[in-house]
Amino acid sequence: VLRTALMAMKPEGQTALYDGLILALEELSRGKWERQAAVIYSDGGDTSSKATIEETLERVRRSNALVYTIGLASLNNPYRSPKVLKKLAQASGGESYFPEGTQELQEVCAAIAKEMRSQYTLTYAPTNPRQKGLYREITVQLVDPAAKGWRLRAREGYYEPEASQ
């Protein structure tokens, strides 16, 4: 039903992608579930948001949610911006997909659902606690990159909680 509805859509008018994603992240933060994800179905263009891409990326980085982007737009669409979709997903540790038809769209949705059910969470305590509230860049690597069946994707960093949090 979702696939049929999405494929029947004829987008028109203005798009507030950044404002919409910020609103979605705010709603997710009110939820009770540990795993949170926002799935964005867009061409990546934004014509009417009050927020900028930089402000939106900042909110994505501060969120605990993963952002998955599904880019569907014709190549001649002047608003098409796959780079924006990739940036939004990457900032959260999520993934970008660019299916070319309804069959691939269905496969993408199944892949996102499967991934949400098969994730692991790693945590650590930094030895330098002097950066409260500041952004810390991190690098996560597999010890054995040839490990079969394993795929690593991680955030580029995180904001250290303030002392009161």
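The values are calculated or read from the model by the stated rules, or taken from the named source; none is laboratory data. Because the structure is a prediction, the values reported are computed rather than measured. Note: ideal-geometry Cβ built from the backbone for every residue, glycine included; neighbour counts use all protein chains shown. Quick note on the areas: whole protein, heavy atoms, side chains included, nothing else; ligands and nucleic acids left out. Shrake-Rupley method; radii C 1.70, N 1.55, O 1.52, S 1.80 Å.
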(message) Tell me the angle of helix 82-92 to the major Cα principal axis of the chain, expressed in degrees between 0 and 90 and rounded to the nearest ten.
(response) 30 degrees
(message) Using Cα springs under 10 Å in a Gaussian network model of the chain, which residue among 28, 122, 66 shows the largest mean-square fluctuation?
(response) 122
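Using R₀ = 35 Å, calculate the FRET efficiency as 1/(1 + (r/R₀)^6) where r is the Cβ-Cβ separation of residue 142 and residue 30; round to 0.05. Provide the component values of the computation, followed by the final result.
Numbers: r = 34 Å, r/R0 = 0.97.
It comes out at approximately 0.55.
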(message) If amide hydrogens are placed 1.01 Å from N in the peptide plane, which non-local residues have theirs closer than 5 Å to the one on residue 97?
(response) 69, 70, 71
(request) Could you check which residue among 143, 67, 84 shows the biggest mean-square fluctuation in a GNM of the chain with a 10 Å Cα cutoff? (result) 143
(request) Rounded to whole Å and sorted largest first, list the principal axis extents of the Cα atoms in the chain. (result) 52, 43, 30
(request) Please list, or write none, the aspartates and glutamates whose alpha carbon is within less than 14 Å of the alpha carbon of residue 83, excluding same-chain residues fewer than 8 places away. (result) 43, 46, 54, 95
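Give a quick list of chymotrypsin sites (Phe, Trp or Tyr not before Pro) in the range 16-76 that DSSP marks as loop, anything other than H, G, I, E or B, with at most 16 other Cβ atoms within 10 Å. Present the calculation step by step, with values, prior to reporting the outcome.
Details: sites: 18, 33, 41, 68; in loops: 33.
Those satisfying the criteria are 33.
Would you mind calculating the relative contact order of the range 111-159 from Cα pairs under 8 angstrom and at least 6 residues apart, reporting the percent as a whole number? Write down the numbers at each step before the final one.
Values: 21 pairs, mean separation 19.9, N = 49.
The normalised contact order for the range 111-159 reaches 41 percent.
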(message) Sort 136-142, 97-103, 146-152 by packing, meaning the average of other beta carbons within 10 Å per residue, with the highest value first.
(response) 97-103, 136-142, 146-152
(message) Below 8 Å, C-alpha to C-alpha, sequence gap of six or more: please give me the relative contact order for the range 6-137 in percent.
(response) 22 percent
(request) For helix 17-29, report the angle its Cα long axis makes with the longest principal axis of the Cα atoms of the chain; keep it between 0 and 90° and round to the nearest 10°. (result) 50 degrees
(request) Please determine, in degrees from 0 to 90 and to the nearest 10, the orientation of helix 53-62 with respect to the longest principal axis defined by the Cα atoms of the chain, where the helix direction is its Cα long axis. (result) 50 degrees
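How large is the accessible surface per residue of the range 69-165, computed with a 1.4 Å probe and reported in Å² as a whole number?
On the way: 7130 Å² over 97 residues.
Computed with neighbouring chains in place, this is 73 Å² per residue.
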